[in-house]
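First up is the structure itself, then whatever we jot down about it.
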Amino acid sequence: MSKAVLVELEWWNMTEVCIPERSILYSPAPIGMGTALGESLTSYLARLAEAHCVYAGVLLQEMIVPLMVETEAQDNIFDQHPLWRRDGGGSHLINVTGPRSHAALQALKTLTLRTDLGGLALTALTKLLPIRGLLRNRLAWCTRCYEVWQSNGLVLYDPLLWKFREISLCTLHGVRLQTSCPHCARSLPHLTWRSRPGYCAFCTWPLFGEQPRVQEPIAPGTSEFIWQRWVTDMLGTVVAQLPSVQNSPKRERIQRVVNHAVERLTSGNITAFAHLLDLPRNTVENWSQGKRIPEMDMLLRLCYRLDLSLCEVMFQEAEALQPRLQGPLPSVRFSPRKRTAIDKERISSLLEQVVSSAEDPPPSLQEVGQRLGYQPTSLYKINRTACHSIAERHTAYRRQLREKRLQGYREEIRQIALLLQAEHVTLTQRHIARYLVQPAILRDPHVRSLLREVCREVERNFKGTLE
Ligand SMILES: [Zn+2]
Ligand SMILES: [Zn+2]
């Protein structure tokens, strides 16, 4: 019998390993935080849904909204929360300020355990920024940015910067931001049932890649480009600051900045200050007394004329600022608000330029009027023929869009009808409406007759296959 050999085994340390708390949902990092291209809250929500392989609507309905209902019960702040709306109406408010974004951020913090989501929305600036005119109601995007990210293997997302109404160009690529899907021509809400950054929430087509029309780049020397670059700079720096804002700036800050500037530039004379900046006296007085705070377009104009950055105005000590008068704004759009003689020849030639330009989509006369600083009725008096051409071209474009949109609806209805038929459900308007992304489209009599037509077509084909 051999002698047993005792092998000494490794010692195990049995003290308990400390496992950090697990989050309920995955917790992907928000993209670009601390930079001008920081992600927006609606984009993060859509990406979070994608990470869980569900539609954004499912994530919101099942996970986020129940947590928000609790907040609602406590504060009773929501009349009708946009997250409940399947069609995404009002979802732009999630990115803005106030209770909606606050509650959504709170819910996300609970579910992902992340503490660095504060920069996704403008919640830190609630008191400084009036909601009116702040963000776009519908989505806007730069196709080139999406393309570059896609080809570099980066994740597609929607920066908060694209949500501002004052941003109309991507100055990085010198192109206008797009606002309708190149495939189905519909404009997109910021967050709806099937939202996914970079793709159409209705037809799921990519919003980048081959476009039906070639986008004309905007020349860097134009006043529009120069103004947009400055605005992008200003808003970009504010977006980059958002994650590090500890204490939300107070409403009185703007009042103090205005009073400080009035004191320095015109020794406290409000009338002279308003005159210097081409602003109505009442407006300046209201700011100076703190009765009103300027909306974003006015705030940017004020910053530009006073040679101050938006960041300085929002975050620095008002009395330490060094405002000084700077020349007029570099855009024809901002003509002085006072009455001046119209330079008819110049306006007429600008209108001719719009007619001969290949701008796409062709602008409406209203939009051209906004750029030039005149009402369409005044423009008609200056150059009737050019105005007619502009209006006609825009109408033709809108008609084309509508046709495309109806095509999109037709396809959506057809798919639903086929699905219902496979499950032996009768094809009625009520049954189909339940599965439409936007059931409200059935309010349009054209869409209703389209629905009847598609149903008849599908039924006919089905009978045909049985015979
Ligand atoms: Zn771009
Ligand atoms: Zn589409």
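Selection over segment 136-176 of residues that are within 16 Å of ligand 2 (Cβ to nearest atom), outside any loop (DSSP other than H, G, I, E, B) and free of Cβ contacts under 8 Å to residues at least 60 places away in the same chain gives a count of 0. Residue selection: Arg256 satisfies the criterion of being of a type in the set (D, E, K, R) and either within 16 Å of ligand 1 (Cβ to nearest atom) or modelled with pLDDT of 90 or more (or both). Determine, yes or no, whether Gly57 is at pLDDT below 85 and open to solvent by less than 60 Å² (accessible area, probe 1.4 Å). No, not satisfied. Among the residues of segment 169-186 satisfying the criterion of being more than 13 Å from ligand 1 (Cβ to nearest atom) and open to solvent by 60 Å² or more (accessible area, probe 1.4 Å), which is nearest to Leu120 (Cα to Cα)? The selected residue is Thr179. When the residues of segment 115-135 are filtered to those that are touching a residue at least 12 places away in the same chain (Cβ under 8 Å) and more than 30 Å from Lys291 (Cα to Cα), the one that is surrounded by the most Cβ atoms within 10 Å (Cβ to Cβ) is Leu117. Contact annotation: residue pairs with Cβ atoms under 7 Å, 6 or more positions apart or on different chains, pairing a residue in segment 187-200 that is aromatic (Phe, Trp, Tyr) with a partner that is more than 10 Å from ligand 2 (Cβ to nearest atom) and not in a loop (DSSP other than H, G, I, E, B), are Trp193/Ala56; Trp193/Gly57. Here is the figure for segment 417-445: residues that are over 30 Å from the mean Cα position of the chain (by Cα), within 17 Å of Trp193 (Cβ to Cβ) and either open to solvent by less than 50 Å² (accessible area, probe 1.4 Å) or small (Gly, Ala, Ser) (or both) total 1. Among the conditions (1) closer than 15 Å to Pro206 by Cα; (2) touching a helix residue (DSSP H, G or I) at 6+ places or on another chain (Cβ under 7 Å), the only one that Thr123 does not satisfy is (1). Checked against (1) surrounded by fewer than 15 Cβ atoms within 10 Å (Cβ to Cβ); (2) at pLDDT below 90; (3) in a helix (DSSP H, G or I), Gln246 meets all criteria but (3).
So if I check each of Glu166, Glu210, which one is more than 14 Å from ligand 1 (Cβ to nearest atom) and within 25 Å of Leu122 (Cα to Cα)? So that I can check it myself, show each step before the final result.
Working: Glu210 fails: within 25 Å of Leu122 (Cα to Cα).
Answer to the selection: Glu166.
Listed by position, the helices (runs of 4 or more DSSP H) enclosed by segment 363-442 that each have at least 2 residues that are polar (S, T, N, Q) are 365-372, 376-382, 384-422. The residue that is nearest to Ala49 (Cα to Cα), among those in segment 136-154 that are open to solvent by 10 Å² or more (accessible area, probe 1.4 Å) and within 18 Å of the chain's Cα centre (by Cα), is Leu139. Close contacts from segment 16-31, counting a first residue that is among the hydrophobic types (A, V, I, L, M, F, W, C) and a second that is in a loop (DSSP other than H, G, I, E, B), with Cβ to Cβ under 6 Å and a gap of 6+ residues or different chains, come to Ile31/Tyr157. Out of the residues in segment 282-297 that are touching a residue at least 12 places away in the same chain (Cβ under 8 Å) and not in a helix (DSSP H, G or I), which is surrounded by the fewest Cβ atoms within 10 Å (Cβ to Cβ)? That would be Gln289.
Please specify each residue of segment 188-215 satisfying the condition of being near ligand 2 (Cβ under 10 Å from one of its atoms) and out of contact with any Leu (no Cβ under 7 Å at 6 or more places or on another chain).
Of the residues in segment 188-215, the ones near ligand 2 (Cβ under 10 Å from one of its atoms) are 188, 199-207.
Residues satisfying the conditions are Phe202, Cys203, Thr204, Trp205, Pro206, Leu207.
Taking the criterion of being open to solvent by 50 Å² or more (accessible area, probe 1.4 Å) and over 16 Å from Gln407 (Cβ atoms), the residues of segment 449-467 that qualify are Arg452, Arg456, Glu459, Arg460, Asn461, Phe462, Lys463, Thr465, Leu466, Glu467.
The values are calculated or read from the model by the stated rules, or taken from the named source; none is laboratory data. Everything numeric in this text was worked out from a predicted model, so none of it was measured. Heads up, the Cβs are rebuilt from the backbone with ideal geometry, glycines too, and the neighbour counts pull from every protein chain shown. Ligands, DNA and RNA are excluded from the accessible area calculation, which covers all protein heavy atoms including side chains. Shrake-Rupley method; radii C 1.70, N 1.55, O 1.52, S 1.80 Å.
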